[in-house]
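Asker: Could you have a look at this structure, given as structure tokens, before my questions?
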Amino acid sequence: MLLTPELIEYRDTVRARAAERIGPFVDVLDREQRFSPEVWAEVRDLELFGLPFPSAVGGLDGSFLAFTVATEAVARTSASAALYPGTTVQVAATLLRHGTPAQVERWVPTMVRGDAPVAWAFTEPQTGSDPKQLQTTAVPDGDGWRLNGQKLFISYARQAQVAVVFARTPGGSVGAFIVRTDTPGWATGTPFELLAMGGGEPAPIYLDDVHVPGDQLIGAADEGFQAMIAGEAQGKIRAAAICVGIAQRAIDEAATYALQRTHRGQSIATKFPTIQGLLGEMEASTLAARALVHHAAELIDRGGDVAREAAAARVVAGRAAREVTSAAMQVCGAYGLTRELPLERLYREGKFFEVAQGVAEIQRAIVARHVIADHAG
């Protein structure tokens with residue numbers, strides 16, 4: 001699809017602002033792998049948190065497509081920074097879809113303002129990408145619930161004031177619970193050191209008899225799985241947009257290098273067909289991934305079923321990020337392996353997204369199930 005002139009202008013503004021204001025913090029997010037309040041404030045000032053939400057809850061009456069475009073623009077400078085609004089936006093959207101009016105009124109406006117990170121506590125030591133293996137339990141307790149279990153790799157676990165926790169409810173169903181992180185029995189562990197994307201300080205969460213009031217259950221006790229699937233679909237599209245931002249930055253770096261590097265007086269970009277072939281393939285892959293990401297985001301805005309497209313976008317954009325960053329390193333030769341250029345970071349980030357935020361093999365299986373269903377007669 002073609003973006004409107006207004007959305008293109010907004011994208012360019014976000015890209016320039018991110019380069020100027022977030023660029024200096026890239027090493028803090030990547031090498032030091034620590035959460036940056038300064039970057040959080042910059043992302044909040046870009047108004048990404050309120051972009052996809054209606055003004056009735058304090059949003060900007062924008063669209064998920066606009067949020068996706070802005071996410072890619074930030075990711076071109078810092079993929080870690082582009083993740084910052086993600087789970088907060090995801091939880092706010094989940095509450096708007098499945099929460100009560102009282103829950104929306106109480107929780108959503110603060111999320112839309114970006115007051116503080118909100119955690120999305122789904123992953124567990126044994127679940128991987130399979131929600132049917134959840135082992136955290138939620139047991140009725142008077143007018144509320146008692147949660148026990150462990151979560152793993154939860155971004156912003158130590159910064160969040162609120163989290164949405166998914167747990168098994170009686171009968172084997174899944175419930176989604178709004179949990180305040182100052183509740184007795186809530187504890188977090190040491191953040192993991194990762195290959196890349198450690199700026200959200202992903203850490204374990206330990207739930208030891210955590211009491212959750214009954215009015216903090218989202219929907220019914222057996223509706224958490226549906227809430228999780230819808231939220232994860234948005235998360236996949238957001239991750240795919242970040243992958244496109246990573247790939248675009250790799251193209252920009254490789255093309256700039258190829259034009260500046262000369263061989264016997266002529267730039268290698270214009271002299272060698274092998275370099276041109278790499279650049280052409282990189283651009284084609286990135287254009288295709290971006291088009292699919294935008295299509296999936298548009299489906300979100302229309303309220304359509306997006307499971308197939310979200311998984312497909314995740315596969316295509318994740319592959320593009322890895323292959324394009326690898327090709328960019330080939331263009332730049334040994335310089336691509338150094339920290340003189342950002343390519344070694346981009347390469348690590350591209351690989352990260354083949355494993356995390358929806359492992360590629362599971363996404364292919366999701367797409368395959370839709371294909372099989374379409375042709376099963």
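Asker: Cα gyration tensor of segment 74-152, axes a ≥ b ≥ c as square roots of the eigenvalues: rounded (a/c below 1.5), prolate (a/b > b/c) or oblate?
Answerer: oblate
Asker: Given points 7 Å out from each Cα along the Cα-Cβ axis, report the LEU3 to HIS263 separation in nanometres with one decimal.
Answerer: About 3.4 nm, to one decimal.
Asker: Starting from the Cα of ARG369, step 7 Å along the direction of its Cβ; do the same at LYS271; then give the gap between the two resulting points in nm.
Answerer: Label-label distance for ARG369 and LYS271, simple model: 5.4 nm.
Asker: Of all the stretches in the chain, which is the longest one without any exposed loop site, taking GluC sites (Glu not before Pro) in a DSSP loop (any state but H, G, I, E, B) with at most 13 other Cβ atoms within 10 Å?
Answerer: 33-192
Asker: In nm, what is the difference between 0.36 nm times the number of residues separating ALA41 and ASP115 and their Cα-Cα distance?
Answerer: Length gained, ALA41 through ASP115: 25.7 nm.
Asker: With charges set only on the Cβ (+1 for Lys and Arg, -1 for Asp and Glu), what does the dipole of the chain come to about its Cα centre, in debye to the nearest 20?
Answerer: Using only the charged Cβ atoms, the result is roughly 880 debye.
Asker: At a Förster radius of 41 Å, what calculated FRET efficiency corresponds to the Cβ-Cβ distance of ALA56 and ALA291, to the nearest 0.05?
Answerer: The formula returns an efficiency of 0.80 here.
Asker: If I fit a long axis through the Cα atoms of helix 307-332 and take the longest principal axis of the Cα atoms of the chain, what angle between them do I get, 0 to 90°, rounded to 10?
Answerer: 30
Asker: Another question, if that's okay. Given Cβ point charges of +1 (Lys, Arg) and -1 (Asp, Glu) and nothing else, what value in debye, to the nearest 20, does the dipole of segment 5-113 about its Cα centre take?
Answerer: Magnitude of the dipole: close to 280 debye.
Asker: When only DSSP loop residues count, what chymotrypsin sites (Phe, Trp or Tyr not before Pro) in segment 172-281 have their Cβ near at most 15 other Cβ atoms within 10 Å?
Answerer: Loop-located and lightly packed - PHE192.
Asker: Quote to one decimal, in nm, the extra length available between ILE229 and THR256 on full extension: 0.36 nm per residue of separation minus the C-alpha distance between them.
Answerer: 5.6 nm
Asker: Please compute P(r) over all alpha-carbon pairs of segment 258-377, binned at 5 Å starting from zero, and give each bin as a whole-number percent.
Answerer: 2, 11, 15, 17, 17, 12, 9, 7, 5, 3, 1, 0, 0
Asker: Pairing the Cα long axis of helix 101-113 with the longest principal axis of the chain, what angle in degrees results, from 0 to 90 and rounded to the nearest 10?
Answerer: Relative to the chain, helix 101-113 is tipped by roughly 30 degrees.
Asker: Provide the gained length on full extension for the span ASP209 to ARG34, in nm with one decimal, where the gain is 0.36 nm per separating residue minus the Cα-Cα distance.
Answerer: 60.1 nm
Asker: In degrees from 0 to 90, rounded to the nearest 10, what is the angle of the helix 5-17 Cα long axis to the longest principal axis of the chain?
Answerer: The answer is roughly 90 degrees.
Asker: Please give the calculated 222 nm ellipticity per residue for the chain, where each DSSP H segment of at least 4 residues contributes -39500 (n - 2.57) and the sum is spread over every residue; nearest 500 deg cm²/dmol?
Answerer: Calculated from helices alone, the mean residue ellipticity at 222 nm is -17000 deg cm²/dmol.
Asker: Okay, next question. Can you return the lysines within cross-link range of LYS351? Criterion is Cα-Cα under 30 Å, with same-chain partners fewer than 8 residues away left out.
Answerer: List returned: LYS132, LYS151, LYS236.
No value in this document is a laboratory result; all are computed from the given coordinates. Bear in mind the structure is a predicted one, so any value in this text is a computation, not a measurement. For neighbour counting, all protein chains shown are included, and Cβ atoms are generated from backbone atoms with ideal geometry for every residue, glycine included.
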